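One structure below.
Read the figures in this text as sums done on the coordinates, not as results from a lab. If you're wondering where the values come from, they're calculated on a predicted model, not measured in any experiment. FYI the Cβ positions are ideal-geometry reconstructions off the backbone, even for glycines, and counts take in every protein chain you see.
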Amino acid sequence: MQLVRKTENGYETDDMQAALKKLAALEALCEQTQARQTELSARMAELRAKGKEKSVQFRELLAEKLTNGAVLSALSAHGLLD
């Protein structure tokens, strides 16, 4: 449900508290996803150092990293990341 509408003069909402709650949740999601990317990179580097690039675990981490990257890219394209 879209709580904020774009107008000629900016944006408006009928429920500021709900809009702020939704914004806070989105910001938390962005921060958590970025932090997870850092964790994934570190874990993948550990596995690479052990020569385990072909392991199931490495491939699962890689899939998650690629998925998160696509999400972050979409958020960035819409101006939602710093």
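Longest segment of the chain with no GluC sites (Glu not before Pro) in a DSSP loop having at most 15 other Cβ atoms within 10 Å?
Details: sites that count: E8, E53.
Counting at most 15 other Cβ atoms within 10 Å as exposed, the longest clean stretch of the chain is 9-52.
May I ask you to compute the full-extension gain from A28 to R48, defined as 0.36 nm times their residue separation minus their alpha-carbon distance, rounded to one decimal in nm?
On the way: separation 20, 0.36 × 20 = 7.20 nm, distance 3.00 nm.
Difference between extended and current length: 4.2 nm.
Starting at the first residue of region 62-69, write each ³J(HN,Hα) from the Karplus equation 6.51 cos²θ - 1.76 cosθ + 1.60 with θ = phi - 60°, in whole Hz, x for Gly and Pro.
Per residue, the Karplus-derived 3J(HN,Hα) values read 4, 4, 5, 4, 5, 5, 4, x Hz.
Under the Karplus relation 6.51 cos²θ - 1.76 cosθ + 1.60, θ = phi - 60°, what is the ordered set of whole-Hz ³J(HN,Hα) values for region 22-27, x standing for Gly and Pro?
The phi angles translate into 5, 5, 4, 5, 5, 5 Hz.
Using the alpha carbons of the chain, what is the convex hull volume per residue in cubic angstrom, as a whole number?
Cα convex hull per residue, to the nearest whole number: 103 Å³.
Hey, got the dipole for region 15-82? About the Cα centre, +1 on K and R Cβ, -1 on D and E Cβ, debye to the nearest 20?
Numbers: 10 positive and 9 negative charges, 82 e Å.
Charge dipole of region 15-82: 400 debye, to the nearest 20.
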